[in-house]
Amino acid sequence: MIGIDPVPLFPLGSIVITPGAVATLDQASVKLAIAKHAAGDWGILGADDRRRNDETVLNGGTLASIYQDSRGKKFYVLTESDRTRTSVLLPEEY
């Protein structure tokens, strides 16, 4: 991404980051993951979950992505089905 933010495929709503994610994750990685999530890059999801998210963008429902920060710590980005909120959290906070 040469300084150009991708056009989001869906609204993110309010972005909420849990205290555990703030304390643990590299925030630059979180920012990049949120942009990827909004653009339909679902991170390290398997093929079936990727297809499910692609369908959910069109048909509605909760969207879930999994990423790793620069230190290898796994985290989730979840957008609610009504698109009012996107949450960043650690797996143990789910």
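What to note about this one:
- The residue pairs whose first member lies in region 15-31 and is in contact (Cβ under 8 Å) with a residue 12 or more places away in the chain and over 14 Å from E92 (Cα atoms), whose second member is part of a loop (DSSP other than H, G, I, E, B) and hydroxyl-bearing (S, T, Y), and whose beta carbons are closer than 9 Å, counting only pairs six or more residues apart or on different chains, are D26/S70; A28/S70; S29/S70.
- Enumeration of residues in region 44-67 that are surrounded by 13 or more Cβ atoms within 10 Å (Cβ to Cβ), farther than 12 Å from L9 by Cα and not β-branched (V, I, T): L45, D49, R50, R52, G61, A64, S65, Y67
- In region 73-94, of all residues being closer than 18 Å to Q27 by Cα and of a type in the set (F, W, Y), the one that is surrounded by the most Cβ atoms within 10 Å (Cβ to Cβ) corresponds to F75.
- Single residue of R83, R71, R51 found to be basic (K, R) and in contact with a Gly (Cβ under 7 Å, 6 or more places away or on another chain): R83
- Which numbered condition S70 misses (of (1) surrounded by 13 or more Cβ atoms within 10 Å (Cβ to Cβ); (2) touching a helix residue (DSSP H, G or I) at 6+ places or on another chain (Cβ under 8 Å)): (1)
Here's the yes/no breakdown for (1) at pLDDT 95 or above; (2) of a type in the set (S, T, N, Q); (3) over 10 Å from the mean Cα position of the chain (by Cα); (4) surrounded by 15 or more Cβ atoms within 10 Å (Cβ to Cβ):
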residue	(1), (2), (3), (4)
D5	no, no, yes, no
P8	no, no, yes, no
G13	yes, no, yes, no
A23	yes, no, yes, no
A28	yes, no, yes, no
K31	yes, no, no, no
I34	yes, no, no, yes
W42	yes, no, no, yes
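Residues are listed down the side, and each one gets a yes or a no for (1) touching a Pro at 6+ places or on another chain (Cβ under 7 Å); (2) of a type outside the set (S, T, N, Q):
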site: P19; (1), (2): no, yes
site: A23; (1), (2): no, yes
site: A28; (1), (2): no, yes
site: K31; (1), (2): no, yes
site: A39; (1), (2): yes, yes
site: R52; (1), (2): no, yes
site: S70; (1), (2): no, no
site: E80; (1), (2): no, yes
site: L89; (1), (2): no, yes
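- All positions within region 51-94 that are in contact (Cβ under 8 Å) with a residue 60 or more places away in the chain and either of a type in the set (A, V, I, L, M, F, W, C) or on the phi > 0 side of the Ramachandran plot (or both): R83, V88, L89, L90
Residues are listed down the side, and each one gets a yes or a no for (1) assigned to a loop (DSSP other than H, G, I, E, B); (2) aliphatic (A, V, I, L, M):
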| position | (1), (2) |
| --- | --- |
| K36 | no, no |
| D49 | no, no |
| V57 | no, yes |
| G61 | yes, no |
| A64 | no, yes |
| R71 | yes, no |
| V88 | no, yes |
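- Number of positions in region 4-34 that are under 24 Å from G72 (Cα atoms), small (G, A, S) and assigned to a loop (DSSP other than H, G, I, E, B): 0
The values are calculated or read from the model by the stated rules, or taken from the named source; none is laboratory data. No experiment lies behind these values; they were computed from the predicted model shown. In this analysis, Cβ positions are derived from the backbone assuming ideal geometry, glycine residues included, and neighbour counts consider all displayed protein chains.
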